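Note sheet for the following structure.
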Amino acid sequence: MIQSFGWSDALQQDFVGLAGPDMIPGRVTVQQRGHYVLVTDQGELTAQISGRLAHDAGEGGYPVVGDWVAATPRQGEGAATIHAVLPRRTSFVRKAADSVQSLQVVAANVDLAFLVTSMNLDFNTRRLERYLATAWQSGAKPVIVLTKADLCDDPDAAVAEAEAVAFGAPVLAVSVVTWRGMDELAGYLKPGETCVLVGSSGVGKSTLVNALAGSERMTTQAIREDDSRGRHTTTHRELVLLPSGALILDTPGMRELALMDASEGVVATFSDVEALAAECRFRDCKHTNEPGCAVRAALESGELDPARLQSYRKLQKELAFQQAKEDRAAREANHRRWVAIAKANRQRRRLEEAEDE
């Protein structure tokens, strides 16, 4: 069974290096509030993590949908305990919503990322740039999917606007009502490969999953008449095996996507700006008043959209701020460590002096 979910010889080697007696491999297909569903060669098993894994797992170390794990089945219960997470090939990461520093792994071991936005009120190229940066950083190949083409007066104009920021990522306009673009979209899904759908609430991710699966696998709701937005439906992450043999993973909506360690992704997303910056006379050009600035020349000629440069600067500033906070936190942690060492040394000397007396 696990072969159809992407199991390979390389994963078998990773498993042998981590697994203990009586453990079996499994892939996380459902994750919801600390509870998991695993697909294994013994069938589907509900699962929870072991106490040791809960204690030892570092930031981002808890299992997520798409992870391969080593688990001990509890015979006769249809349940298992997860003891270890196998090394991830790729991981889609964002900054956790409840923390200024910790990361949240949205999905693991994905090959393809459908970056989904609708062509009604949700369409926003600045948000697409954030999704692209995170996708490129993850190691997955991004595809921009513009949904609800049947509700848009000029889908081709929306595609052109998205293509202006895509740079290396395909852009598709689709509609599950008219089936526009759906066959082309399905063509990106390969047997044994995993695709994650990422986008805001109500853009039609669950509807896409149902259409590709040919059945109602995910709950959906109609568009609200008052603001033309879809309603939030998905509250958990689930990996679905499609009839084609491909795997697709729906995620809860994310209107804001705070970047987390995505410097390489930002460079890939803004490859046009990076290429212009490489032509500047000075290597440390700030693109403000320096002579020989290729970026300013592109702005003046109309080659570069000022809003795109502003978005690039905003994301670079966000990453720099995040790095500064991490560096400060590391310095504070190191300071606390040395304070504790000094305190322990003083206590040890006092005890030695008391024994000498």
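Every number in this text was worked out from the coordinates using simple rules, so none of it is lab data. Note that this is a predicted model, so its numbers are computed, not measured. With ideal geometry, Cβ positions are generated from the backbone for all residues, glycine too; neighbour counts draw on all protein chains shown.
Only a single item in (1) farther than 25 Å from ALA135 by Cα; (2) surrounded by fewer than 18 Cβ atoms within 10 Å (Cβ to Cβ); (3) in contact with a Leu (Cβ under 9 Å, 6 or more places away or on another chain) is not met by PRO73, and it is number (2).
Screening LEU115 with (1) farther than 30 Å from GLN310 by Cα; (2) touching a strand residue (DSSP E or B) at 6+ places or on another chain (Cβ under 6 Å); (3) of a type in the set (A, V, I, L, M, F, W, C) gives one miss only, at (1). The residues listed here are VAL176, VAL159; of these, the one that is in contact with a strand residue (DSSP E or B) (Cβ under 6 Å, 6 or more places away or on another chain) and either of a type in the set (A, V, I, L, M, F, W, C) or more than 29 Å from GLY245 (Cβ to Cβ) (or both) is VAL159.
With a requirement of 2 or more residues that are of a type in the set (Asp, Glu) and out of contact with any Cys (no Cβ under 9 Å at 6 or more places or on another chain), none of the strands (runs of 3 or more DSSP E) lying completely within the range 34-107 satisfies it. Being buried (at least 23 other Cβ atoms within 10 Å of the Cβ), among the aromatic types (Phe, Trp, Tyr) and under 21 Å from the mean Cα position of the chain (by Cα), is that true of even one residue in the range 54-64? Checked against the condition, which is being buried (at least 23 other Cβ atoms within 10 Å of the Cβ), among the aromatic types (Phe, Trp, Tyr) and under 21 Å from the mean Cα position of the chain (by Cα), the range 54-64 yields no hits at all.
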